[in-house]
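Quick notes on the structure that follows.
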Amino acid sequence: MANSSSVGFGIKPIKMYGNGYENMGLGEYPVAASSSAIYFQDLVCQAATGYVVVGIAGTENIIGSLNGVFYTDPTTSKPTWRNYYDGNAATDIQALVNDSPLQQYDVRSNNSSASAQTDVGLTADIAYAVGVTPNWVSRATLDD
């Protein structure tokens, strides 16, 4: 049965391939102070600059989905953790990314009918849409 909603919720990690122990470890990657907003469970890429940026359709260097960021708040000077980055120009931003190559994800399709069972396990493009506030959740969907 097709899903009645086509509004995305990002790329949600659900489980790992194989029978190994799953520790949900997150990789830490720097985010440039000039970066635009990155929403919770947006796909992220490693840019040529060495910084993490939001992954958009057609991007090939995706490293995982954003679980949150840690930085020093520029107005309060306090260490801050959020599940999104709002583009606040902090200078020491670290993105926490679900980056395991064995990670399996759940993603909503933008297809108006049911996706075929034969599509499971294949690669596909994403349809990126700006996330929603105040919850800062990604609206990315599978473009099939």
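Please verify whether Tyr84 is modelled with pLDDT of 80 or more, over 16 Å from the mean Cα position of the chain (by Cα) and buried (at least 18 other Cβ atoms within 10 Å of the Cβ), treating the condition exactly as stated. Here the answer is no, as Tyr84 does not meet what is asked. Here Pro74, Pro101 are screened, and the one residue that is in a loop (DSSP other than H, G, I, E, B) and over 16 Å from the mean Cα position of the chain (by Cα) is Pro74.
For segment 117-137, which positions are within 20 Å of Ala37 (Cβ to Cβ) and either among the hydrophobic types (A, V, I, L, M, F, W, C) or in a strand (DSSP E or B) (or both)? If the condition is that a residue be within 20 Å of Ala37 (Cβ to Cβ) and either among the hydrophobic types (A, V, I, L, M, F, W, C) or in a strand (DSSP E or B) (or both), then Ile126, Ala127, Ala129, Val130, Val132, Trp136, Val137 are the ones that fit. With the structure loaded, tell me whether Ala114 is part of a loop (DSSP other than H, G, I, E, B), of a type outside the set (D, E, K, R) and touching a Ser or Thr at 6+ places or on another chain (Cβ under 8 Å) or whether it fails that test. Against the criterion (part of a loop (DSSP other than H, G, I, E, B), of a type outside the set (D, E, K, R) and touching a Ser or Thr at 6+ places or on another chain (Cβ under 8 Å)), Ala114 does not qualify.
Restricting attention to segment 42-67, which residues are at pLDDT 85 or above and more than 13 Å from Asp99 (Cβ to Cβ)?
Taking segment 42-67 first, the residues at pLDDT 85 or above are 42-54, 62-67.
Once the filter is applied, which keeps residues that are at pLDDT 85 or above and more than 13 Å from Asp99 (Cβ to Cβ), segment 42-67 yields Asp42, Ala47, Ala48, Thr49, Gly50, Tyr51, Val53, Val54.
Summed over segment 39-65, residues that are part of a strand (DSSP E or B) and out of contact with any Gly (no Cβ under 8 Å at 6 or more places or on another chain) total 4. When the residues of segment 108-131 are filtered to those that are of a type in the set (A, V, I, L, M, F, W, C) and surrounded by fewer than 14 Cβ atoms within 10 Å (Cβ to Cβ), the one that is nearest to the chain's Cα centre (by Cα) is Val130. I'd like to know if segment 90-97 contains one or more residues that are surrounded by 18 or more Cβ atoms within 10 Å (Cβ to Cβ) and assigned to a loop (DSSP other than H, G, I, E, B). Looking for residues that are surrounded by 18 or more Cβ atoms within 10 Å (Cβ to Cβ) and assigned to a loop (DSSP other than H, G, I, E, B), one finds at least one in segment 90-97, hence yes.
The values are calculated or read from the model by the stated rules, or taken from the named source; none is laboratory data. Remember, predicted model here, so these are calculated numbers, not experimental data. Virtual Cβ from ideal backbone geometry, glycine too; neighbours counted across all protein chains shown.
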